[in-house]
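Remarks on the structure that follows.
The values are calculated or read from the model by the stated rules, or taken from the named source; none is laboratory data. Only a predicted model underlies this, so the values are computations on that prediction, with no experimental measurement involved. In this analysis, Cβ positions are derived from the backbone assuming ideal geometry, glycine residues included, and neighbour counts consider all displayed protein chains. Accessible surface is based on the protein model in full, side chains and every heavy atom, while ligands, DNA and RNA are left aside. Shrake-Rupley method; radii C 1.70, N 1.55, O 1.52, S 1.80 Å.
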Amino acid sequence: MSTPSILNIQDLHVWFRVYGGVMKVLDGVDFEVNHGEKVGLVGESGCGKTTTMKSILRILPRQAIIPKGKIIFQGHEVLTMKWRELQELRGQKISMIFQDPTAALNPVFTIGEQIKDTIKYSGIAEKDTETIKNIAIKALRDCAMPDPERIMKNYPFQLSGGMRQRVCIAMALATASNLLIADEPTTNLDVTIQDQVLNLIRTLVQEKGTSLILITHSLGVAREMTDRIYVMYAGRIVEMASTQEIFEKPYHPYTRGLLNSIPKLTGEGMMVGIPGHLPNYLNPPSGCRFHPRCDDAMPECRIKKPPFIEVNNGHKVACFLYKG
Amino acid sequence: MKSRHFIIHRLAWSVFVLVGLSILIFFIARVIPGDPARMALGPRAPQWAVDNLVKELHLNEPIYVQYWLWLKGVLHGDFGTSLVTRRPVSADIKEFFPATLELIVVAAIIETVGGILLGALSARYSGSWFDSLVRLIAYLGVVTPAFVWAIIFMLIFGYVWPILPILGRIDSNLTVPPTVTGLMTIDSLLAGDFEAFKSAFLHLLLPALALAMGGMSQAARITRASMSENLSRDYVGSEMAAGIPMKLIILKYVLRPSLIPTVTIIALDIAAMLGNAFLVELVFNYPGISRYGINAMLTKDLNAIVAVIMVIGLAFVVMNFIVDLIVAYLDPRIRLQGGK
C-alpha cells in the first residue's frame, strides 16, 4: 500500500432517524490507524465509539444515515463499496470483537456452528470441514477455554458470560488479518482472565502485524495496550496523542477530567468525576459539545465548534484553550 | 431419555384433555334445549315412536349413565348411530373426515409456505413497495372471513376467468376411484387414474386457498414482525462483521429463531380449520366433516355432534403435540431446559 495508514476516517457524520427527529450522534470524527499500530479509543458509554467502529464495517442499523465523511481502508473508500467488496472486508480483512457477547451470539445455534461459519467465510482456510473444525478448536484453546470440543457442541445460554466473551474473542482472533477492532473485550471477564486475553490479543497483533483498535472505558487497559489514544466526547474526537503524552500532559478539559476520575493507588486526594452527563443527541449543545460540563468554558465555546488542530508534535486537540 | 420422557408426558396429558373434552361436550349437547328424538322423527310422528327412540338412545336414563354407556361404545369403536343419516356415526366420519383432511392438508401447505415466504421477504425488504403490498394483503386477509374469499375466488376463477373447477370433489364426468384411504387424490393415484387425480387436485385448490387466506395472512404478519425484531439483534451485526453472506444470515441465523411464534400460530390455525371449514365447504359444495358437524348441531344429532367435536379435539391435541416437537427442535433453550 502506498498510503501510510491502513484506516483513515475523515469528518465522519452519522445520524439516526428516530421518532421525534434525527439524532446527530457522530459530528465529524477524524481517526487514523497506521500499519501495525495499536490505537486506543476512550470515552464514556454512549459517546459514539461503537457507532464509529460499526460504520467501518457498514453494519450500522437501518435507521442510520451517513450524511458526510470518508472512511478509507487500505486506500479504498468503504462508504461507496459494492456488496462484494464489503464482503471481502468483513471477516477477511477486518474482524471485530463486540462488547456484549450475550447479544453477539445467536441463541439458537451451537458455538461450533457459529465459529465454523465465521472461519469458513474469513478466507483463511480451505473450506473442508476438518480443517475448519481444527482451527476452531485451536482458537478456543488459545483463549484458555477448557475442553473446546465440548464447548463447540454447547449453546450460548449454556456458557457463563466470561466464556461467551472468550468465544467471541476466539472467533475474532482466529480470523483477524489486517485490522482487529476490539470493543471493550475484557469488560465481562475476571481480572485473571482479563490479563490472559489482553496478552493473547497483544501476541497476535505482534505476530501477524495486525493493526488494533481497542475501545475501552478502562484507561489502565488503554495505557497497557496501546501506542496512541483517541479521546472521544459526544460524537467528536476531542484529543489525540501518544499514550504516554495523554497520561502525562492531557490538554483537553475532558481528558483531564477522565484522568482525574481514576482512583489513585496512593490514596492521595479524592478522585474527581466529571459533573453532568452526555448531551441529548436530538438537540446537542451548540459549539463545543462539552461546554455545558466544562469548567474552562469561554463565550466562544458556545458559538463555534473548536477545530481539531495539532498543538504539539503529534498531539492534537479540539479546544479553544489551545491555539496552534 | 429426556425426549422420551417428554413424549410420554405429553401423551398422558393428551388423553386427559380428550376425556375432559368428551365429558364437557357430552353434557353440553344434552343440556341445550330441544328434544332430539322428536327432532329426528319430525313433528307428525306418533308419540309412541318418539318414546321408543328415547328408550333406544337411553335418553330417559340419568346423564352419567348415558355417558358411561357412550364411553363403553367408544372404547369398542362405536360412536352410536346418527339420528339423521341413520348410519353408524363412525361410518359417516370415515366418509366425511378424509375429504376435509385432504382439503386442510392442501390449505396447510399453502398457508405455511405462503405465510413464511411472504413474511420473510417482507421483513427482508421492509419499507419497499413489496413490503407495503404484502402488509396490505395480509391485513385484508386477516379481516376477511374465509367464506368471503370463497365467494370472491369463485367469481374470479369460476366465472370471470374460468380456469379452475368450483364445485364438488371431482369432475362429474369422471369415474370416482374406489375408496381406499378416502382421500380422493391418493385413491385416484392408487387406482392409477391420473386424469382423476388431476381433477381431484384442481378441485381442492380454490377451497383450500379460501381456507388458507386468513391463516396465511396471520402467519405472514407474525413472521414479518418476528424477523424484523431478530434482524435488529446484535448477533446479526456480528455475523455480518464476520463476513457471513447476508443470504445465509437471513435463511439460517435469523429465520430459525423467527419461526418459533409462526409455527405455533400456524399449527393452531390448521387445527381450527376442521371446524372453520364449514362455510367454505358449503360455498364450494364440498362434502366435508365441517358441514356434517354443523348439520348435526342444527338437527341436534347427539351422537354425531359429540363424535365430530371429538375428532376436532383430537386434531388440536395432535397439532399441539407437533408444535411442541417443532418448537423444541427450533429452540434449544426449550429442548435442553425442559420448557421453562
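For chain B, with every protein chain kept in place, what is the accessible area per residue (1.4 Å probe, Å²)? Before the final figure, lay out each step's value.
Values: 17500 Å² over 340 residues.
It amounts to 51 Å² per residue over chain B.
Of the accessible area of the protein assembly as shown, with the probe set at 1.4 angstrom, what percent is carbon plus sulfur?
Numbers: 19740 of 32020 Å².
Using a 1.4 Å probe with all protein chains present, the protein assembly as shown comes out at 62 percent carbon and sulfur.
Show me, bin by bin at 5 Å from 0, the whole-percent P(r) of the range B:91-337 based on Cα pairs.
Result returned by the calculation: 1, 6, 12, 15, 16, 15, 12, 10, 7, 4, 2, 1, 0, 0.
Please list log₁₀ I(q)/I(0) at q = 0.13, 0.16, 0.22, 0.23 Å⁻¹ for the range A:100-226, using the Debye equation with identical point scatterers on the alpha-carbon positions.
Debye curve over Cα of the range A:100-226, log10 I(q)/I(0) at q = 0.13, 0.16, 0.22, 0.23 Å⁻¹: -0.49, -0.76, -1.40, -1.50.
Can you list the residues in the range A:101-119 whose accessible area drops by at least 30 Å² when all protein chains are present, compared with the chain alone? Use a 1.4 Å probe, heavy atoms only.
Residues losing area: A:A103, A:A104, A:N106, A:P107, A:V108, A:F109, A:D117, A:T118.
Taking only protein heavy atoms into account and a 1.4 Å probe, give the accessible area per residue of the range A:73-217 in Å². Walk me through the numbers on the way to the answer.
On the way: 5940 Å² over 145 residues.
For the range A:73-217, the per-residue accessible area is 41 Å².
Sticking with the crude label model, points 7 Å out along Cα→Cβ, report the distance from A:S286 to B:A91 in nm, one decimal please.
9.3 nm
If amide hydrogens are placed 1.01 Å from N in the peptide plane, which non-local residues have theirs closer than 5 Å to the one on A:V22?
Here the answer is none, since no amide H 5 or more places off falls under 5 Å of that of A:V22.
I want to verify the translational diffusion coefficient of the range B:174-274 in µm²/s; compute it with Stokes-Einstein, Rh as the Kirkwood radius over Cα pairs, at 20 °C and 1.002 mPa s.
Details: Rh = 16.7 Å.
In µm²/s, the coefficient rounds to 128.
Are there GluC sites (Glu not before Pro) in the range A:221-324 that DSSP puts in a loop and that have at most 12 other Cβ atoms within 10 Å, and which ones?
Details: sites: A:E224, A:E239, A:E245, A:E248, A:E268, A:E300, A:E310; in loops: A:E268.
For GluC sites (Glu not before Pro) across the range A:221-324 that sit outside H, G, I, E and B with at most 12 neighbouring Cβ atoms in 10 Å, the list reads A:E268.
Among the trypsin sites (Lys or Arg not before Pro) within the range B:69-148, which fall in a DSSP loop and have no more than 13 other Cβ atoms within 10 Å of their own Cβ? Provide the component values of the computation, followed by the final result.
Working: sites: B:K72, B:R86, B:K94, B:R124, B:R135; in loops: B:R86.
Listed in order of number, the matching sites are B:R86.
Using r as the Cβ-Cβ distance of B:R333 and A:V191, and R0 as 30 Å, what FRET efficiency do you calculate, to the nearest 0.05? All intermediate terms of the calculation are to be shown ahead of the outcome.
On the way: r = 30 Å, r/R0 = 1.01.
After rounding, the FRET efficiency stands at 0.50.
Once you place label points 7 Å from the Cα toward the Cβ at A:V22 and B:D51, how far apart are they in nm?
Spacing of the two 7 Å Cα→Cβ label points: 9.2 nm.
Which cross-chain or sequence-distant (5 or more) residues have an amide H under 5 Å from the amide H of A:M96, H modelled 1.01 Å from N in plane?
The list, which skips near neighbours in sequence, is A:I181.
Between Rg and the Kirkwood Rh of the range A:6-54, both from Cα atoms, what is the Rg to Rh ratio? Intermediate results must be reported in sequence, preceding the final value.
Working: Rg = 12.6 Å, Rh = 12.2 Å.
My calculation of the ratio gives 1.04.
What longest region of chain A stays clear of trypsin sites (Lys or Arg not before Pro) that DSSP places outside H, G, I, E and B and that have at most 12 other Cβ atoms within 10 Å?
Working: sites that count: A:R62, A:K82, A:K127, A:K264, A:K304, A:K323.
My reading of the result: A:128-263 is the longest stretch.
Interface size between chain B and chain A, please: total buried accessible area, 1.4 Å probe, rounded to the nearest 100 Å². It would help to have the intermediate numbers written out before the result.
Numbers: alone 18670 and 15730 Å², together 32020 Å².
Chains B and A together bury roughly 2400 Å² of accessible area.
Based on alpha-carbon positions alone, could you give the equivalent ellipsoid semi-axes of the protein assembly as shown from the gyration tensor, as √(5λ), descending, whole Å?
Working: eigenvalues 950, 136, 121 Å².
Semi-axes from the Cα gyration tensor: 69, 26, 25 Å.
For chain A, what does the helix formula give at 222 nm: sum of -39500 (n - 2.57) over DSSP H segments with n ≥ 4, over the residue count, nearest 500 deg cm²/dmol? Spell out each step's value before the answer.
Values: 12 runs with 109 residues, N = 324.
It comes out at -9500 deg cm²/dmol, rounded to the nearest 500.
Grab the DSSP H runs of chain B that are 4 residues or longer, score each as -39,500 (n - 2.57), total them, divide by all residues and round the 222 nm result to the nearest 500 deg cm²/dmol.
That calculation yields -24000 deg cm²/dmol at 222 nm.
Kirkwood Rh over Cα pairs of the range B:81-154 into Stokes-Einstein at 25 °C, 0.890 mPa s: D in µm²/s?
Numbers: Rh = 15.3 Å.
It comes out at roughly 160 µm²/s.
In whole Å and largest first, what semi-axes does the C-alpha gyration tensor of the range B:2-75 yield when each eigenvalue is scaled by 5 and square-rooted? List each step's numbers first, then the result.
Values: eigenvalues 275, 27, 17 Å².
After diagonalising the Cα gyration tensor, the semi-axes are 37, 12, 9 Å.
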